[in-house]
1. Does Gly18 satisfy being away from the ligand (no atom under 15 Å from the Cβ), open to solvent by less than 20 Å² (accessible area, probe 1.4 Å), outside any helix (DSSP H, G or I) and at pLDDT 95 or above?
2. From Leu79, Leu92, grab the single residue that is within 16 Å of the ligand (Cβ to nearest atom) and crowded, with 17+ Cβ neighbours inside 10 Å.
3. In the set Pro207, Pro152, which member is within 16 Å of the ligand (Cβ to nearest atom) and open to solvent by 30 Å² or more (accessible area, probe 1.4 Å)?
4. Here are some residues: Leu60, Leu72. Which one is more than 9 Å from the ligand (Cβ to nearest atom), free of Cβ contacts under 8 Å to residues at least 24 places away in the same chain and either assigned to a helix (DSSP H, G or I) or surrounded by fewer than 24 Cβ atoms within 10 Å (Cβ to Cβ) (or both)?
5. Could you check Asn170 against (1) within 16 Å of the ligand (Cβ to nearest atom); (2) in contact (Cβ under 8 Å) with a residue 12 or more places away in the chain and say which number it fails?
6. If you check Ala178, Ala158, Ala188, which single one turns out to be in contact with a Leu (Cβ under 8 Å, 6 or more places away or on another chain), part of a helix (DSSP H, G or I) and open to solvent by less than 60 Å² (accessible area, probe 1.4 Å)?
7. Which of the residues spanning the range 95-114 are away from the ligand (no atom under 16 Å from the Cβ), open to solvent by less than 70 Å² (accessible area, probe 1.4 Å) and not aliphatic (A, V, I, L, M)?
8. Report the residue count in the range 128-176 for those that are aliphatic (A, V, I, L, M) and farther than 20 Å from Arg114 by Cβ.
Amino acid sequence: MTPTPSLIKLPPQPGPIGVFDSGYGGLTILGSLLEQLPGYDYLYLGDNARAPYGSRSFDLVYRFTLQAVGELFARGCHLVILACNTASAKALRSIQQRDLARIDPARRVLGVIRPTVEALPAITRGGHIGILGTPGTVASGSYQMELAKIDPGFTVTARACPMWVPLVENREADGAGADYFVDKYISALMSADPAIDTIVLGCTHYPLLLPKIQQYTPEGVRLLTQGPLVAASLADYLRRHPEMDARITRGSTLRCLTTEDPSRFADMASLFLGRPVDASRVTLA
Ligand code: DGL
């Protein structure tokens, strides 16, 4: 029997890759995606009105992140990258395990912690890993848990750096305040485990402090930034999942949405992405 037209299931319309962050920080991850996977279309969403997420409760980060993912899905994204460590730490697992089945089992949400952690066995020399992140990311224990799955022999020491995000956002990454707080947090981490050989910069803002972080990190200790790792992992994911790859449009475009003032977003984007962008306002609920 021929189905009536209303029952014919159309193939899903392809859409851009959705990239979500609490605010501007995810633009450092987006920069690597644009560099390493330039052919796709991207739709970035920054929840600037409710950022920072770093000191918010699990429940709020989960609710806000789920709203953002819903918005990106509604705008045609089949694949969303949570380009925010705090959201990846506090919301990703619940969304993957609970919400996707209900919303649309064919869509995917990926985070930034797993791709970072997967790179470590090839990089660490002695298995002593330091993690720096927001209070929320560190308290979640997500890095520690993911690392234990990869190699239970790793010694993992994590410390929160609550002052680094405000320093970057207030354009003080080159100032004397940055010297003080970078020295303070790196020293605290290294005194907790002097054998640390690799430090993960587990927050989207930290690449902007890299020159200072390098200055205060003992020689021989490797510093890991996430953007290139996330981009390489996404390229690999799309190679292994041609059905998802076929659902992404290729036009090399970038559109940005913010829950705050679009002109401020456009201005700050120059700092985080190295170039200005156009942004429009969106309300999440
Ligand atoms: N994007 C967040 C992260 O990577 C940092 C900013 C915030 O606290 O919202 O954890």
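1. Details: away from the ligand (no atom under 15 Å from the Cβ): yes; open to solvent by less than 20 Å² (accessible area, probe 1.4 Å): yes; outside any helix (DSSP H, G or I): yes; at pLDDT 95 or above: yes.
Yes: the conditions hold for Gly18.
2. Values: Leu79 fails: within 16 Å of the ligand (Cβ to nearest atom).
Just a single option satisfies the conditions, and that option is Leu92.
3. Working: Pro152 fails: within 16 Å of the ligand (Cβ to nearest atom).
That would be Pro207, the only listed residue that is within 16 Å of the ligand (Cβ to nearest atom) and open to solvent by 30 Å² or more (accessible area, probe 1.4 Å).
4. Details: Leu72 fails: free of Cβ contacts under 8 Å to residues at least 24 places away in the same chain.
When all the criteria are applied, what remains is Leu60.
5. Looking at each condition in turn, Asn170 falls short on (2).
6. On the way: Ala158 fails: part of a helix (DSSP H, G or I); Ala188 fails: in contact with a Leu (Cβ under 8 Å, 6 or more places away or on another chain).
Unique residue meeting the criteria: Ala178.
7. Asp99, Asp104, Arg107
8. As a first pass, look at the range 128-176 and keep what is aliphatic (A, V, I, L, M): 129, 131-132, 138-139, 145, 147-148, 150, 156, 158, 160, 163, 165, 167-168, 173, 176.
Then keep just the ones that are farther than 20 Å from Arg114 by Cβ; that gives 160, 163, 165, 167-168, 173, 176.
So the answer is 7.
The values are calculated or read from the model by the stated rules, or taken from the named source; none is laboratory data. Every value quoted in this text rests on a predicted model; they were computed, and no experiment measured them. Ideal geometry is used to build each Cβ from the backbone, glycine not excepted, and the neighbour counts take in all protein chains shown. Just the protein is used for accessible areas: all its heavy atoms, side chains included, with ligands, DNA and RNA removed. Shrake-Rupley method; radii C 1.70, N 1.55, O 1.52, S 1.80 Å.
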